[in-house]
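Asker: I'd like to ask you about the structure that follows.
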Amino acid sequence: MRLAYWMYAGPAHIGTLRVASSFKNVHAIMHAPLGDDYFNVMRSMLERERDFAPVTISIVDRHVLARGSREKVVENILRKDKEERPDLIILTPTCTSSILQEDLQNFANKASRISDSDVIFANIDHYRVNELQAADRTLEQVVKYYLDRSHGQETLDQSVTDVPSANIIGIFTLGFHNQHDCRELRRLLRDLDIKINQVIPEGGSVKDLINLPRAWFNLVPYREVGLMTAMYLENEFGMPYVSTTPMGAVDMAECIQQIHRNVNTLAPISSNKKVDYEPYIDGQTRFVSRAARFSRSIDCHNLTGKETVVFGDATHAASITKISIREMGIRVSCTGTYCKHDAEWFKEQIQDFCDKILITDDHTEVGDMIARVEPSAIFGTQMERHIGKRLDIPCGVISSPVHIQSFPLGYRPFLGYEGTNQIADPVYNSFALGMEDHLLDIFGGHDTKEIMTRSLSTGIGLIWDPESRRELSKIPPFVRNKVERNIEKFAQQKGIVNITTEVIYAAREVLGI
C-alpha cells in the first residue's frame with residue numbers, strides 16, 4: 001500500500017469494514033494501533049446513521065508488542081460475542097498492524113471454537129490491494145464461507161424460485177449514492193415483475209446467504225464491489241449475472257435486454273411464460289426519462305462540442321463518459337480512472353469515445369492534465385472539485401471519494417430512468433450558461449475579485465507589471481483565466497520572467513488569443 005496525503009481509494013481494511021458494517025448483525029474487530037480507527041467517525045458523519053458502527057478496535061500498543069496479541073484478540077472477540085450476540089465476527093488487521101506478521105487466522109480459529117458467533121479472518125493482502133478490491137474480496141469470502149458450509153452439511157437448497165427473481169449484489173455503506181440507486185433498482189425489478197431474492201451486503205443477513213442460489217440471476221450494478229461474488233456464484237452454481245451498469249438511457253436499455261435474455265432462458269424450465277421488455281424500455285425512455293427528451297432540446301444542443309474531462313472510479317467514469325458523448329453531445333477530451341486493477345475493462349469500454357485515457361491514482365497527474373486541457377467543465381471526485389476551484393473550472397461530482405454534500409438527504413439516484421434525470425441536471429448546470437458571466441460583469445460581480453493565476457503548473461516565478469495587469473483586466477472574465485495561463489506558458493517558453501504589455505501583444509500574435 002502506497003502512503004500518500006491523498007488517496008482516491010483508501011487502505012484495504014476500510015473496504016473490509018464497509019462490508020462488515022453493511023450486513024445486519026455482523027461485528028468487525030479491527031486489530032490496529034490508535035489512529036487507524038477513523039472509520040467509525042467517517043461512517044457516522046457521512047451516512048448520518050442513528051446507530052454506532054459495529055466496529056471494535058483491538059488496540060496494538062507496547063504491551064502487545066512485548067507479549068503478543070493472541071490473548072487480547074481472542075478476549076475481544078469473546079467479549080463482543082457476549083455483548084452483541086452477532087451472527088458473524090470479522091477479524092481484520094490494518095496495513096500498519098500487518099507489519100507484525102501475526103497469525104490472526106490462528107487467533108480467529110481459536111475464538112471460533114469457543115464463541116457462539118461465527119468468526120472469520122478477512123484474508124486480504126493489505127500491501128497489494130486497496131479499499132475497493134478488499135471490499136470485493138471480503139464480500140466473496142463471507143458468501144463463500146456460508147455457502148460452502150451449507151453445501152458440506154447438505155442443507156443447501158439450489159432449486160430456483162417459482163417466479164423470476166434476482167439478487168442485487170454490491171450495495172454497501174459509504175457507497176456513492178448507493179442507497180438511492182438501490183431503491184431505483186428495486187423499482188426497476190418490480191416493474192419487470194421480478195422478485196428480489198436478496199440485496200447484499202447492505203441490509204442483508206448472513207443467515208440468509210444460503211438462499212442466494214435460488215435466484216434466477218444476479219444483478220451487479222457496480223464494477224468495484226460484487227463482481228467477484230457474482231463470478232463465484234456463476235462458477236459454483238451456474239447462476240448468470242448482469243454486470244452492465246444501468247446508468248444512462250442507452251445502457252439502461254442494454255441492461256434490461258440482458259435481464260430479458262436471462263429470464264427467458266429459465267422461463268420454459270420453470271413453466272413461466274417468456275417475457276418481452278421492449279415496450280417497457282420504449283415507454284420509460286419516452287415518458288419517464290425526461291433526460292431523453294431534454295437531449296433533443298435546444299438547451300442541450302448548446303452543449304454540443306463543449307469540452308470536458310471525466311475522472312473517477314471505473315463504473316461511474318465510464319458511464320458518465322458515454323452519457324456525455326452519446327446522449328448530450330459533449331466532447332470528452334480525457335477520461336480516466338484510479339481503479340488501475342480494472343484498467344483493461346475501462347479502456348475497452350471508452351476507447352472509441354474520447355481523445356485520451358488516463359489510468360492513475362496520483363491526483364497531481366490528474367490536476368496537471370486538467371490544467372493542460374483547460375476544459376469547460378470537469379466531472380470527477382471531490383479531488384477534481386478542489387482542482388477545478390483552483391483553476392476556476394466548474395466541476396460536477398460523479399464518483400467517490402466525496403464530501404458530505406455528496407451524501408444528500410433527498411432522493412438522488414444515478415441508476416435507473418430516474419437516474420438519467422438526476423445525472424442530466426449536474427452535467428448541464430456545470431457548464432457556464434448563457435449570459436451569466438456577462439451579467440455578473442455588468443453588475444459588478446467580478447470587479448471586486450482579485451485577478452489571480454489558478455493554474456496548477458504555470459506562473460511560477462513570473463511577475464506581471466501594473467500596466468500588463470490593467471491590460472489583462474480588459475479581457476472578458478469568462479476567458480480571462482485561460483488567456484492568462486496561455487500568456488504565462490508563452491513567457492516560460494521564451495524564458496521571460498517579467499510580463500509586460502509587449503509580452504502580451506507578442507503572445508496574442510503567436511497564439512492567436
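Matching residues to (1) without any contact (Cβ under 8 Å) to a residue 24 or more places away in the chain; (2) in a helix (DSSP H, G or I); (3) not assigned by the TED database to the domain that holds Pro476:
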site	(1), (2), (3)
Glu365	yes, yes, yes
Asp368	no, yes, yes
Ile378	no, no, yes
His386	yes, yes, yes
Pro413	no, no, yes
Glu418	no, yes, yes
Asn421	no, yes, yes
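Asker: Further question on the same structure: How many of the residues in segment 91-118 are among the β-branched types (Val, Ile, Thr), closer than 12 Å to Pro33 by Cα and out of contact with any His (no Cβ under 6 Å at 6 or more places or on another chain)?
Answerer: Total satisfying the criteria: 2.
For every residue, the table says whether it meets (1) under 20 Å from Ile120 (Cβ atoms); (2) open to solvent by less than 80 Å² (accessible area, probe 1.4 Å); (3) of a type in the set (D, E, K, R); (4) modelled with pLDDT under 85.
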site: Gly10; (1), (2), (3), (4): no, yes, no, no
site: His13; (1), (2), (3), (4): yes, yes, no, no
site: Ala20; (1), (2), (3), (4): yes, yes, no, no
site: Ile29; (1), (2), (3), (4): yes, yes, no, no
site: Leu46; (1), (2), (3), (4): no, yes, no, yes
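Asker: What number goes with the only condition from (1) open to solvent by less than 10 Å² (accessible area, probe 1.4 Å); (2) assigned to a helix (DSSP H, G or I) that Asp342 does not pass?
Answerer: Status for Asp342: all satisfied but (1).
Asker: Taking Gly410 as meeting all but one of (1) open to solvent by 30 Å² or more (accessible area, probe 1.4 Å); (2) of a type outside the set (Val, Ile, Thr); (3) touching a Gly at 6+ places or on another chain (Cβ under 6 Å), write down the number of the exception.
Answerer: Condition not satisfied by Gly410: (3).
Asker: Additional query: Collect the residues in segment 228-245 that are part of a helix (DSSP H, G or I), open to solvent by less than 20 Å² (accessible area, probe 1.4 Å) and not small (Gly, Ala, Ser), keeping them in residue-number order.
Answerer: Thr229, Tyr232, Leu233 - these are the residues of segment 228-245 that are part of a helix (DSSP H, G or I), open to solvent by less than 20 Å² (accessible area, probe 1.4 Å) and not small (Gly, Ala, Ser).
Asker: Now, a different point. Yes or no: segment 310-321 includes at least one residue that is surrounded by fewer than 24 Cβ atoms within 10 Å (Cβ to Cβ), assigned to a helix (DSSP H, G or I) and assigned by the TED database to the domain that holds Pro413.
Answerer: For segment 310-321, residues surrounded by fewer than 24 Cβ atoms within 10 Å (Cβ to Cβ), assigned to a helix (DSSP H, G or I) and assigned by the TED database to the domain that holds Pro413: absent.
Asker: A follow-up question, please. Let me confirm something: among Gly329, Gly367, Gly416, which residue is closer than 23 Å to Thr304 by Cα and open to solvent by less than 50 Å² (accessible area, probe 1.4 Å)?
Answerer: Gly329
Asker: Enumerate the pairs (first residue in segment 313-332 and closer than 15 Å to Thr244 by Cβ; second residue anywhere and of a type in the set (Asp, Glu) and in a helix (DSSP H, G or I)) with beta-carbon separation below 6 Å, excluding pairs fewer than 6 apart on the same chain, so at least 6 apart or on different chains.
Answerer: What qualifies is Ala314/Asp342.
Asker: I'd like the residue in segment 67-86 that is open to solvent by 30 Å² or more (accessible area, probe 1.4 Å) and in contact with a Ser or Thr (Cβ under 8 Å, 6 or more places away or on another chain) and, out of all such residues, is farthest from Leu209 (Cα to Cα).
Answerer: Among those that are open to solvent by 30 Å² or more (accessible area, probe 1.4 Å) and in contact with a Ser or Thr (Cβ under 8 Å, 6 or more places away or on another chain), it is Lys72.
Asker: Condition first: assigned to a strand (DSSP E or B), touching a Leu at 6+ places or on another chain (Cβ under 6 Å) and within 30 Å of Gln405 (Cβ to Cβ). Now tell me which residues in segment 152-192 satisfy that.
Answerer: Answer for segment 152-192, where residues must be assigned to a strand (DSSP E or B), touching a Leu at 6+ places or on another chain (Cβ under 6 Å) and within 30 Å of Gln405 (Cβ to Cβ): just Ile168.
Asker: Looking at (1) at pLDDT below 90; (2) crowded, with 21+ Cβ neighbours inside 10 Å, which is the only condition Ile99 fails?
Answerer: Only one criterion in (1) at pLDDT below 90; (2) crowded, with 21+ Cβ neighbours inside 10 Å is unmet by Ile99, namely (2).
Asker: For segment 458-487, what are the residues that are modelled with pLDDT of 85 or more and either over 25 Å from Phe431 (Cβ atoms) or assigned by the TED database to the domain that holds Leu391 (or both)?
Answerer: Listed by number, the residues that qualify are Ile463, Trp464, Asp465, Pro466, Glu467, Ser468, Arg469, Arg470, Glu471.
Asker: Restricting to segment 172-231, give me the number of residues that are more than 24 Å from Ala9 (Cβ to Cβ) and among the aliphatic types (A, V, I, L, M).
Answerer: Final tally of qualifying residues: 10.
Asker: Among the residues in segment 50-63, are any under 21 Å from Glu202 (Cβ atoms) and without any contact (Cβ under 8 Å) to a residue 12 or more places away in the chain?
Answerer: Taking every residue of segment 50-63 in turn, at least one turns out to be under 21 Å from Glu202 (Cβ atoms) and without any contact (Cβ under 8 Å) to a residue 12 or more places away in the chain.
Asker: Keeping to segment 335-353, report how many residues are out of contact with any Lys or Arg (no Cβ under 9 Å at 6 or more places or on another chain) and touching a residue at least 60 places away in the same chain (Cβ under 8 Å).
Answerer: Qualifying residue count, segment 335-353: 2.
The values are calculated or read from the model by the stated rules, or taken from the named source; none is laboratory data. Keep in mind it's a predicted model, so treat the numbers as computed, not measured. Here the Cβ is made from the backbone with ideal geometry for all residues, glycine too, and neighbour counts use every protein chain on show. Quick note on the areas: whole protein, heavy atoms, side chains included, nothing else; ligands and nucleic acids left out. Shrake-Rupley method; radii C 1.70, N 1.55, O 1.52, S 1.80 Å.
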